[in-house]
Amino acid sequence: MKRGLVVLDATETPPAEWDRRLTAVRADLRAAGVDVGLIYGDVFSSDDIAYLTNLCIYWNEGMLAIPADGDPVVLTKLSPRVFPWMRLTSTVRDIRSGRSFGTLVHDFLADRGPGVAGLVGADLWPAAVVDEVTASAPDWTVRPLGALVRAHRTRPSATEEALIRTAAGLIAEALARADGSIAELERRLRGVGFLDVRITTSTAGGSTSLQVLGQYRTVWAYAARILGPAPNGGVTQERWINQADLATLGEFRPAPDRPAEGEIGAVLVETVFPDGMLIRADTVRIGAGGPELLSVVRA
């Protein structure tokens, strides 16, 4: 369950930015011959929905229905009692609640007539939800789509970049000042407005690696530090994770050969020893002259 601060601030992300994102996805849907795009999200994976609406799926499940020619609609199993909060902290106004996605999708599509419904990022949907949605729309063609929204998220706009820079700097500062205390890291990051914080450790050769992954607004940043001297030896490999995949640390995406200019993500240096693994990591931006370190303490 996400339990941090949820903010919709027009000075951070102006209305025109939200409109631009939705317009781009609608264009993708039309190009694919799709009348309605459906985006699934739960507490573990809802960044596509947040990117388009700022909506936080803080528990349970949700689905964003995007007509190629209309405003998005949120379909959720959450109680209507939370609708005022959802409208206050997101750009959506039409929210519909029900006991099952099958019924919600059926009723939504019934108002529009037969057409093509696309499941955005279908490879990451729960199979049971895919089956339920498909069965609920017998008059519609339901087909899987690729990661349309993620494709836009991999190259952050200037607005997103500013938020990532803030997040990365705050994580670096917390790591520098928490003196290895997990409780202090959590306190500091929650205190400056992080929505989600995941802190993990690993050990090898008597040393400890402290890893911090944090969600700030709708973006993620990551950094890891080794506490004390690292042991000698070990087998080292480097990994790049685009910031669009940081929520799962790239678990569901193949690693690219190398990042492209303009991308932001995390560089991980993982050193494996006989008794464990140590990780060093930073959030960086790939520029024309090479990577720019973002997870640094700022004055």
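Looking at region 240-263, I want the residues that are touching a residue at least 60 places away in the same chain (Cβ under 8 Å) and have a partner that is aromatic (Phe, Trp, Tyr) and in a strand (DSSP E or B) with Cβ atoms under 8 Å, at least 6 apart or on another chain. Which pairs are those?
243/220; 247/220
Taking strands (runs of 3 or more DSSP E) that fall entirely within region 244-299, which contain at least 2 residues that are within 28 Å of residue 233 (Cβ to Cβ), at pLDDT 95 or above and not aliphatic (A, V, I, L, M)? Full working, then the answer.
Numbers: elements: 264-273, 276-287, 290-293.
Because the criterion is at least 2 residues that are within 28 Å of residue 233 (Cβ to Cβ), at pLDDT 95 or above and not aliphatic (A, V, I, L, M), the strands (runs of 3 or more DSSP E) in region 244-299 that meet it are 264-273, 276-287.
Residues checked against (1) crowded, with 18+ Cβ neighbours inside 10 Å; (2) on the phi > 0 side of the Ramachandran plot:
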site	(1), (2)
210	yes, no
215	yes, no
231	no, no
245	yes, no
249	yes, yes
253	no, no
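Scan the helices (runs of 4 or more DSSP H) fully inside region 107-222 and keep the ones with 1 or more residues being under 20 Å from residue 2 (Cα atoms) and in contact (Cβ under 8 Å) with a residue 40 or more places away in the chain.
Working: elements: 127-136, 148-153, 158-177, 182-191.
It comes to 158-177, 182-191.
Can you name the number of the only condition in (1) in contact with a strand residue (DSSP E or B) (Cβ under 9 Å, 6 or more places away or on another chain); (2) closer than 26 Å to residue 285 by Cβ; (3) in the same structural domain as residue 217 (by TED's automatic domain parsing); (4) surrounded by fewer than 21 Cβ atoms within 10 Å (Cβ to Cβ) that residue 175 fails?
Status for residue 175: all satisfied but (4).
Kindly indicate whether any position in region 82-92 is outside the structural domain of residue 119 (by TED's automatic domain parsing), aliphatic (A, V, I, L, M), part of a loop (DSSP other than H, G, I, E, B) and over 19 Å from residue 124 (Cα atoms).
Step one: list which residues in region 82-92 are outside the structural domain of residue 119 (by TED's automatic domain parsing), which gives none.
Scanning region 82-92 turns up no residue that is outside the structural domain of residue 119 (by TED's automatic domain parsing), aliphatic (A, V, I, L, M), part of a loop (DSSP other than H, G, I, E, B) and over 19 Å from residue 124 (Cα atoms).
Run down 181, 202 and say which single residue is surrounded by fewer than 16 Cβ atoms within 10 Å (Cβ to Cβ) and among the polar types (S, T, N, Q).
Working: 202 fails: surrounded by fewer than 16 Cβ atoms within 10 Å (Cβ to Cβ).
It is 181.
Take the residues in region 89-106 that are of a type in the set (Ser, Thr, Tyr) and surrounded by fewer than 18 Cβ atoms within 10 Å (Cβ to Cβ); name whichever of them is nearest to residue 4 (Cα to Cα). Spell out how you get there, then give the answer.
Going through region 89-106, the residues of a type in the set (Ser, Thr, Tyr) turn out to be 89-91, 97, 100, 103.
Retained after the next criterion (residues that are surrounded by fewer than 18 Cβ atoms within 10 Å (Cβ to Cβ)): 89, 97, 100, 103.
Numbers: 89: 13, 97: 24, 100: 27, 103: 31 Å.
Result: 89.
Residues checked against (1) in a loop (DSSP other than H, G, I, E, B); (2) within 20 Å of residue 245 (Cα to Cα); (3) among the basic types (Lys, Arg):
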position: 19; (1), (2), (3): no, no, no
position: 23; (1), (2), (3): no, no, no
position: 29; (1), (2), (3): no, no, no
position: 34; (1), (2), (3): yes, no, no
position: 39; (1), (2), (3): no, yes, no
position: 45; (1), (2), (3): yes, yes, no
position: 52; (1), (2), (3): no, yes, no
position: 55; (1), (2), (3): yes, yes, no
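The values are calculated or read from the model by the stated rules, or taken from the named source; none is laboratory data. Just so it is clear, the model here is predicted, and its values are computed rather than measured. With ideal geometry, Cβ positions are generated from the backbone for all residues, glycine too; neighbour counts draw on all protein chains shown.
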